[in-house]
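Peer 1: Pasting a structure below so you can have a look.
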Amino acid sequence: MFGLPDKCVELIFEQAGIIAITDKQAKYVYVNKRWEEDTGIPREVAVGSYNHDLIEGSRAITAIRTGKAVTGDMLIRTKNGRDLPGVMTYMPIFNGDEVVGCFISSSFLSVDQAYAFLERIESITLEYEFLKGEMRKRSGTRYSVEDIIGESDAIKFLKEQIYFAGASNSTVLIEGETGTGKELVAHSIHSCSLRNVFPFVKVNCSAIPDNLMESEFFGYDEGTFTGAKKGGKRGKFEKAHLGSIFLDEVNHLNLTMQPKLLRVLQEKEIERLGTSESIPIDVRVIAASNVSLRKLVNCDQFREDLYYRLNILTIVMPPLRKRREDIPLLANHILQKLSKQMGRNMQGISKDALDYLKEREWHGNVRELQNIIERGMNAARKDFLTLECLRNQDGMEDTITVRKEGSFLSDYEDSSKPLSKRKECLEKEAILETLKSCNHNKTQAAKMLNISRTLLYKKLEKYQINESDILIHKGNHEMK
Ligand SMILES: Nc1ncnc2c1ncn2[C@@H]1O[C@H](COP(=O)(O)OP(=O)(O)OP(=O)(O)O)[C@@H](O)[C@H]1O
């Protein structure tokens, strides 16, 4: 039949629901076992007979004449008086442009059965989502790729990189400005990796005091020091065994810890404080930094060998100003999320407010966008976020000032400005960024910029950069 081997037809068609095939005159050329059973008409009788001679209410002829499929919940009756209720499909079979027959099948016995099937799928989907959430909770992952909002090319590329990193087992370095979503990406990489049923352990390298770093990372044995816990304590690496460890703000790892981390990455084993016994560990390292680690290497703040060990796969986060087309989508997503959290019923954002958000500078990136929307919602009397709500919020004047006076980013990108002006804007931006990354420490900043302290002071004066500028520039970094 139609060149198909009989064995193949038997295997596929015999195990399905009702299946019958007619030629272009609606004469049966094939009926399956189920058809035979349900109609009570033997195959030998059916094959060669006209469909309408055996079945009342069949739509095979309609499908053949119109060349269009007919489907629906139908009551068809055999000429010998059997009712066959069910969801039937009559599909014309084409050879080029010509209809050469009809494929008849029944998927469900009734529409009710089809709905029951859909309900089952829905409940399985819910169950799946619930279990996925539970798995995430157990492993410590809070986000996955679906939580990354944006349709820009930059975000599409980012998602591709995440899937690629998820499929690999190599160390990943995520670099990018504050608030661009580095942590979100780290969670997502773990979520889509084979390690996702094992722990995801986050370590904020800037939050651990230097003297506790080693015990936090590698743990300690009982009695190692006064106040040590009975039975000792597992360190973050041990806790992350078989899973991933996320070293956030890895740029803050001090020079004593750096070779120790390098050793773990190379040897794949740790030693708890107070013992010389090695514990093998299988942990995937994902590190993040909001300053360029390369720059830190250049000014001897970060070991080059560790940098190369961490920098196997690199993901550079796109700043919000480079993907402004994502702002409306992000803003509405944030509004809905906050609306739920705050028990509000926000309906949307006005066009002028969205235009304003699209125009504005975003030094604190998505985190800053979240803060502005939250403040705007608090100012909103109605269920709509308007430009007024955004403008009336506290601190708005500051951000407007930053935009007017300190809009170095858009200025240096502005091709109508002379080169000298654009160079100055870029220089001012670099100084502000560096000061921010080393907590206003001017000696360290001068070192990172590879200029003398005196020159740095001169430039601060030239660009009229004062503490408050750095604070505004830095503020969003500290909001976390
Ligand atoms: N593309 C995005 N879609 C949805 N939410 C995002 C996106 N990017 C960032 N966010 C949200 O913005 C906030 C800041 O993101 P995250 O903490 O991951 O940034 P970060 O780059 O790690 O910042 P930092 O360097 O200051 O630690 C989070 O609440 C995160 O969920």
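Peer 1: Just tell me which aspartates and glutamates come within less than 20 Å, Cα to Cα, of K423; anything on the same chain fewer than 8 places away is out.
Peer 2: Answer for K423, where 20 Å is the Cα cut-off: E361, E405, D411, E413, D414, E433, E461, D469, listed by chain and number.
Peer 1: What's the extension gain from K442 to I312 if we count 0.36 nm per residue and subtract their Cα-Cα distance?
Peer 2: That pair, K442 and I312, stretches by 43.6 nm at full extension.
Peer 1: Here is a follow-up. Counting only residues 5 or more places away or on other chains, whose amide H sits under 5 Å from the amide H of I349 once H atoms are built in the peptide plane?
Peer 2: The answer is L385.
Peer 1: Got a sec to turn the phi values of segment 285-295 into Karplus ³J(HN,Hα) couplings, 6.51 cos²θ - 1.76 cosθ + 1.60 with θ = phi - 60°, whole Hz, x for Gly and Pro?
Peer 2: With coefficients 6.51, -1.76 and 1.60, one gets 9, 10, 10, 9, 8, 9, 10, 5, 5, 4, 4 Hz.
Peer 1: I want the antiparallel fraction of DSSP beta bridges within segment 145-316, as a percent rounded to 5. Could the numbers behind the result be given before it?
Peer 2: Details: 5 of 23 bridges.
The antiparallel proportion sits near 20 percent.
Peer 1: For segment 44-50, take each phi angle, set θ = phi - 60°, evaluate the Karplus expression 6.51 cos²θ - 1.76 cosθ + 1.60, and give the result in whole Hz per residue in order, putting x for glycine and proline.
Peer 2: Here the 3J(HN,Hα) series is 4, 6, 5, 4, x, 8, 6 Hz.
Peer 1: Taking a ≥ b ≥ c as the square roots of the Cα gyration tensor eigenvalues, with a/c under 1.5 meaning rounded and otherwise prolate when a/b beats b/c, else oblate, which class fits segment 38-89?
Peer 2: It is oblate, given that a/c is not under 1.5 and a/b is not larger than b/c.
Peer 1: If a/c stays under 1.5 just call it rounded; otherwise compare a/b with b/c (prolate if a/b is bigger, oblate if not). Do that for segment 6-109, with a ≥ b ≥ c from the square roots of the Cα gyration tensor eigenvalues.
Peer 2: Since a/c stays below 1.5, the shape of segment 6-109 is classed as rounded.
Peer 1: Turning to a different aspect of this structure: Can you list residues whose amide H is under 5 Å from I93's amide H, if they're 5+ apart or on another chain and H is modeled 1.01 Å from N?
Peer 2: Residues meeting the criterion, in which the H sits 1.01 Å from N, are V100, G101, C102, F103.
Peer 1: With r defined as the distance between the Cβ atoms of K358 and K132 and R0 fixed at 41 Å, what FRET efficiency is calculated, to the nearest 0.05? Intermediate values should be presented prior to the final figure.
Peer 2: On the way: r = 34 Å, r/R0 = 0.82.
So, using R0 = 41 Å, E works out to roughly 0.75.
Peer 1: Could you please rank I245, I279, I189, I315, placing first whichever residue has the fewest other Cβ atoms within 10 Å of its Cβ? If you can, show how the numbers build up before the last one.
Peer 2: Working: I245 24, I279 16, I189 31, I315 21.
Ordered from fewest to most neighbouring Cβ atoms within 10 Å, I245, I279, I189, I315 come out as I279, I315, I245, I189.
Peer 1: May I ask you to derive the FRET efficiency for L118 and R77 from their Cβ-Cβ distance with R0 = 35 Å, giving the value to the nearest 0.05?
Peer 2: 0.80
Peer 1: Which distance in Å, rounded to a whole number, links the C-alpha centroids of segment 248-274 and segment 339-395?
Peer 2: If we compute the Cα centre of each part, the gap is 42 Å.
Peer 1: Per residue of segment 434-450, in order, report the coupling 6.51 cos²θ - 1.76 cosθ + 1.60 (Karplus, θ = phi - 60°) as ³J(HN,Hα) in whole Hz, putting x for Gly and Pro.
Peer 2: Using θ = phi - 60°, the values come out as 5, 4, 4, 5, 10, 6, 6, 6, 6, 5, 5, 4, 4, 5, 5, 7, 6 Hz.
Peer 1: May I pose another question? Using 0.36 nm times the number of residues separating H52 and E461, minus their current alpha carbon distance, what extension gain do you get?
Peer 2: Fully extending the segment from H52 to E461 adds 137.8 nm.
Peer 1: For each pair in K156/K322; K202/K239; K428/K459; K202/K322, compute the distance between the two Cα atoms and list the pairs where it is over 20 Å.
Peer 2: Among K156/K322; K202/K239; K428/K459; K202/K322, the Cα-Cα distance tops 20 Å for K202/K322.
None of the figures in this text is laboratory data; all of them are computed from the coordinates on show. None of these values were measured; they are calculated from a predicted model. Positions of Cβ are backbone-derived with ideal geometry, glycine not excepted, and every protein chain shown enters the neighbour counts.
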